[in-house]
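See structure below.
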Amino acid sequence: MKELRDLEPDFWRAPSAHNTQPWLLRYHKHEVEIGWDPARALPVSDPTGRDLRLGLGAFVETCLIVCASAGLRVGFRSDPGPLRAGFLHGTAEPYRTPFTTTDVRARGANRGAYEAGRLPAEVMDRLAEHANLVRVPCRELAGLLFAADLHQFGDPEVTRELREWLRLTPRHPRYLLDGLTDQALSLGAGEALGLRASLALYPALRRLGLPKLLAGAGRGLLDYDGDVLVLVGDPGDQLEQGRALMRTWLTLSGLGYTTHPLSQIIDCAGTRRALADRLDAKDPDSLLHLARAGKPKAPAVRSARVRT
Ligand SMILES: Cc1cc2nc3c(=O)[nH]c(=O)nc-3n(C[C@H](O)[C@H](O)[C@H](O)COP(=O)(O)O)c2cc1C
């Protein structure tokens, strides 16, 4: 078990919504329980726990890859309880995976500008080995993104919860630990200051059109010739879907691509339904994750972690 403790900084490179890193590891005699910390969940913006379970799945997959890369024979047994996902335990053989700890360390979200161009068919074929991702041209979803952002920033509670995880100045005491920094969000100094000021004045400015202003800031994000990938799967199996999502992100990153998740389109019931119609998906809840994907114009800054 000591060997696993030493690998924790690499386990922690797994992605999580708002970079909350909600994972808890409890070391038992023969296995390690993977749980989560309710204080690091997002009850307002993720009320069903969808992103939490996807993130737990991504964490499980990351643990298995990192253990296999270290030559450790470790498997995972799903045993979902209210505060846990399951257990890491000893196996006869290491987990079989094409990915390594180097891949885990190299992956990261990138919220900057992407090169124009759709994902090649060969790349989509590689992704299809892991998950059911539907590809949609960015521009087709620009209107839904604006509507979802308007919905998100119009909700004082969602905005308050987001603000708790923003670290928009290096002076923030948790800047190097968790949450979303100005750099991770690809904000220039002026933009970060503007966002801080407007969120501080949110209660006073909400009725004066601040949500529209904030939503408008993201307007250009999908206005280019690129792709959005939508993860469509069994909503009852979100942990496994999170594991699959992690494999697709590692596949993309290994090929020089990156992703910028835009979960708000799925969080907001109205835009989720509109997207389900656009994709001919019968059940809007089968839409589990959405991100633009492509070749970034510049590398992203490495995101913060509590374990380093
Ligand atoms: C399930 C899930 C949902 C996410 N949703 C969003 C999102 O809506 N917007 C966004 O900018 N990033 C989103 N992210 C990305 C996280 O913010 C990111 O993984 C985290 O900040 C850590 O950064 P890294 O991925 O660069 O390591 C999501 C990640 C996961 C796992």
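Overall dimensions of segment 2-106, expressed as equivalent-ellipsoid semi-axes from the Cα gyration tensor (√(5λ), whole Å, largest first), are 23, 16, 11.
Where nothing but the Cβ of Lys and Arg (+1) and of Asp and Glu (-1) is charged, how large is the charge dipole of the chain around its Cα centre, in debye to the nearest 20?
With Lys and Arg at +1 and Asp and Glu at -1, about 820 debye.
Taking the helices alone, the chain has a mean residue ellipticity at 222 nm of -11000 deg cm²/dmol, built from -39,500 (n - 2.57) per DSSP H run of at least 4 residues and averaged over all its residues.
Select from Ala204, Thr62, Ala147 the residue farthest towards the positive end of the dipole of the chain; place +1 on Cβ of Lys and Arg, -1 on Cβ of Asp and Glu, and compute about the Cα centre. About the Cα centre, the residue reaching furthest to the positive side is Ala204. For the peptides 281-292, 245-256, 154-165, the ranking by packing is 245-256, 281-292, 154-165, with the highest mean count of neighbouring Cβ atoms within 10 Å listed first. Between Arg206 and Arg77, the distance separating the two model label sites (each 7 Å from Cα on the Cα→Cβ line) works out to 4.7 nm.
If you plug the beta carbon distance of Glu93 and Ala121 into 1/(1 + (r/R0)^6) with R0 = 25 Å, you get a FRET efficiency near 0.15. A simple rule links phi to the HN-Hα coupling: the Karplus curve 6.51 cos²θ - 1.76 cosθ + 1.60 with θ = phi - 60°, which for segment 255-271 gives 9, x, 9, 9, 10, 10, x, 9, 5, 4, 5, 8, 5, 7, 4, x, 6 Hz, with x for Gly and Pro.
Sort 144-153, 203-212 by packing, meaning the average of other beta carbons within 10 Å per residue, with the highest value first. Could you put the intermediate results ahead of the total?
On the way: 144-153: 21.7, 203-212: 13.3.
Top to bottom by mean Cβ count within 10 Å: 144-153, 203-212.
Per residue, the convex hull spanned by the Cα atoms of segment 170-248 amounts to 185 cubic angstrom. Placing pseudo-labels 7 Å out from each Cα toward the beta carbon at Lys297 and His30 gives an inter-label distance of 5.7 nm. Charge dipole of segment 74-178 (Cα centre as origin; +1 on each Lys and Arg Cβ, -1 on each Asp and Glu Cβ, all else neutral): 340 debye, rounded to the nearest 20. Taking all Cα pairs closer than 8 Å and separated by 6 or more residues, the relative contact order of the chain comes to 26 percent. Which residues in segment 164-203 have a backbone N closer than 11 Å to a point placed 7 Å from the Cα of Val306 along the Cα-to-Cβ line? It comes to 177-179, nothing else. What would the Debye equation give as log₁₀ I(q)/I(0) for the chain at q = 0.08, 0.10, 0.12, 0.16 Å⁻¹, counting only Cα atoms as equal point scatterers? The calculated log intensity ratios at q = 0.08, 0.10, 0.12, 0.16 Å⁻¹ are -0.34, -0.55, -0.80, -1.46.
Compute the angle between helix 238-254 and the longest alpha-carbon principal axis of the chain, please, reported from 0 to 90 degrees and rounded to the nearest 10. For 238-254 against the chain, the angle is about 80 degrees. Centroid-to-centroid, using Cα positions, segment 273-301 and segment 130-165 are 10 Å apart. In segment 2-106, Cα pairs under 8 Å separated by at least six residues give a relative contact order of 29 percent.
Read the figures in this text as sums done on the coordinates, not as results from a lab. None of these values were measured; they are calculated from a predicted model. We place every Cβ from the backbone using ideal geometry, glycine too, and count neighbours over all the protein chains shown.
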